[in-house]
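Trainee: Input: one structure, supplied below.
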Amino acid sequence: MKMRILAIVSGEYGQRHVANMHAFGSPDWQIEVWQAPAALPAIIDYPEDFLPDTLPPADLILSFGEQAGIAELLPEIAQMTGAKAVLAPIDREEWLPRGLARQLHGWLAAKGVACVTPKPLCTLTEDHYNFRQNAQEYSEPHIAEVARWFGKPTLSIDVDPKSREIRQVRVLRDAFCGCAQHVAAGLVGLSADDAEEKAGLLHHHYPCLASMGIDSELGDTLMHVSGNILKNEVGEQVKPYRQVTYLVPGAKSEDV
């Protein structure tokens, strides 16, 4: 699917995402980047004061900014670019507070622009986002096209049935930040018994840029949620090859 994408960045978080999309995304995407202002006021009355005179035409806007004020600019940016959809992830609540996220959905809906706000970003699939009871369905082809390549990590793990050693790991869908590629490379050669725990360590050491503060909606940190998504993906695939040891109370190990 040919698509024009405008990525809004303001720091390392967005820069990493864009670099990974350039490296592993579709060759049919045309990705432009707008560097947002380094500082924005708490309330923006006139968005045009903080926007350039022109922005490139886009079908999809990816909001990778690291301050809440950027969300207030998105309706004007969508109008300037002619975008049909906006992807505004919540990897840190201070970057897009839940109240502002609700307002953003309303502002963009009034302009006929679709909006998804995955929390965290690596919950995004081609038809839904968010975690468990907070899952939200959506139907928008431009966002779905990006989610074919980036979002909730999906791996294909090849395990030797005799040695139970991981021979190959293919990344079918990477996280936007590239974490799945990093984890996949680190799993090759490991025993199936160790893969799930190692995936969690590799995710943590990448490092994930999601928040380490407890999220009141999820009762956990977004970094931990993100790590568990990847660990569960690995765990389910190696489960048939794991060696399970059963302990029977009162019995010697050689009798079990």
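The values are calculated or read from the model by the stated rules, or taken from the named source; none is laboratory data. Every value quoted in this text rests on a predicted model; they were computed, and no experiment measured them. Every residue, glycine among them, receives a Cβ derived from its backbone with ideal geometry; neighbour counts consider all protein chains shown.
Trainee: Scanning the range 141-154 for residues that are outside any helix (DSSP H, G or I) and within 22 Å of residue 27 (Cβ to Cβ), which turns out nearest to the chain's Cα centre (by Cα)? Break it down stepwise before answering.
Mentor: The first filter runs over the range 141-154 and keeps only residues outside any helix (DSSP H, G or I), leaving 150-154.
Next cut, within 22 Å of residue 27 (Cβ to Cβ) only: 150-151, 153-154.
Working: 150: 7, 151: 4, 153: 8, 154: 12 Å.
The extreme case among them is 151.
Trainee: Of the residues 109, 71, which single one is in a helix (DSSP H, G or I) and touching a Phe, Trp or Tyr at 6+ places or on another chain (Cβ under 9 Å)?
Mentor: On the way: 109 fails: touching a Phe, Trp or Tyr at 6+ places or on another chain (Cβ under 9 Å).
Answer to the check: 71.
Trainee: Only residues that are small (Gly, Ala, Ser) and outside any strand (DSSP E or B): list them for the range 15-67, please. Spell out how you get there, then give the answer.
Mentor: At the first step, the residues of the range 15-67 found to be small (Gly, Ala, Ser) are 19, 23, 25-26, 36, 38-39, 42, 58, 63, 65.
Across the range 15-67, the qualifying residues are 19, 23, 25, 26, 36, 38, 39, 42, 58, 65.
Trainee: Going by the structure shown, is residue 211 surrounded by fewer than 17 Cβ atoms within 10 Å (Cβ to Cβ) and of a type in the set (Gly, Ala, Ser)? First the steps, then the outcome.
Mentor: Working: surrounded by fewer than 17 Cβ atoms within 10 Å (Cβ to Cβ): no; of a type in the set (Gly, Ala, Ser): yes.
No.
Trainee: Continuing with the same structure: Looking for whichever is within 21 Å of residue 2 (Cβ to Cβ), under 17 Å from the mean Cα position of the chain (by Cα) and assigned by TED's automatic domain parsing to the domain that holds residue 14 here; the options are 126, 66. Which one fits? Outline the logic, then answer.
Mentor: Values: 66 fails: within 21 Å of residue 2 (Cβ to Cβ).
The unique qualifying residue is 126.
Trainee: While we're here: Six or more apart or on different chains, Cβ under 8 Å: which pairs go from a residue in the range 78-107 that's closer than 16 Å to residue 9 by Cβ to one that's aromatic (Phe, Trp, Tyr) and not in a helix (DSSP H, G or I)? Could you list them?
Mentor: As it stands, the answer is 89/64; 89/176, since those pairs meet every condition given.
Trainee: Out of all the residues in the range 74-97, is one or more surrounded by fewer than 17 Cβ atoms within 10 Å (Cβ to Cβ) and closer than 22 Å to residue 226 by Cβ? So that I can check it myself, show each step before the final result.
Mentor: Restricting attention to the range 74-97, the residues satisfying the condition of being surrounded by fewer than 17 Cβ atoms within 10 Å (Cβ to Cβ) are 79, 82, 94, 97.
Add one more test, that the residue is closer than 22 Å to residue 226 by Cβ, and what stays is 94, 97.
Yes.
Trainee: Additional query: I need a count of the residues in the range 119-148 that are at pLDDT 95 or above, among the aromatic types (Phe, Trp, Tyr) and closer than 20 Å to residue 233 by Cβ.
Mentor: Going through the range 119-148 one residue at a time, the tally reaches 1.
Trainee: Among all residue pairs at least 6 apart or on different chains, which show Cβ distances below 6 Å where the first residue, located in the range 4-32, is farther than 15 Å from residue 179 by Cβ and the second is of a type in the set (Lys, Arg) and at pLDDT 95 or above?
Mentor: What qualifies is 30/4.
Trainee: Report every pair of residues separated by at least 6 positions or lying on different chains whose Cβ atoms are under 6 Å apart, first residue within the range 160-175 and closer than 20 Å to residue 149 by Cβ, second polar (S, T, N, Q).
Mentor: 170/156; 171/181; 172/154; 172/156; 173/154; 174/181
Table: residues versus (1) among the β-branched types (Val, Ile, Thr); (2) under 20 Å from residue 224 (Cα atoms); (3) touching a Ser or Thr at 6+ places or on another chain (Cβ under 7 Å).
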| residue | (1), (2), (3) |
| --- | --- |
| 63 | no, no, no |
| 103 | no, no, no |
| 107 | no, no, no |
| 125 | yes, yes, no |
| 131 | no, yes, yes |
| 134 | no, yes, no |
| 143 | yes, no, no |
| 155 | no, yes, no |
| 158 | no, no, no |
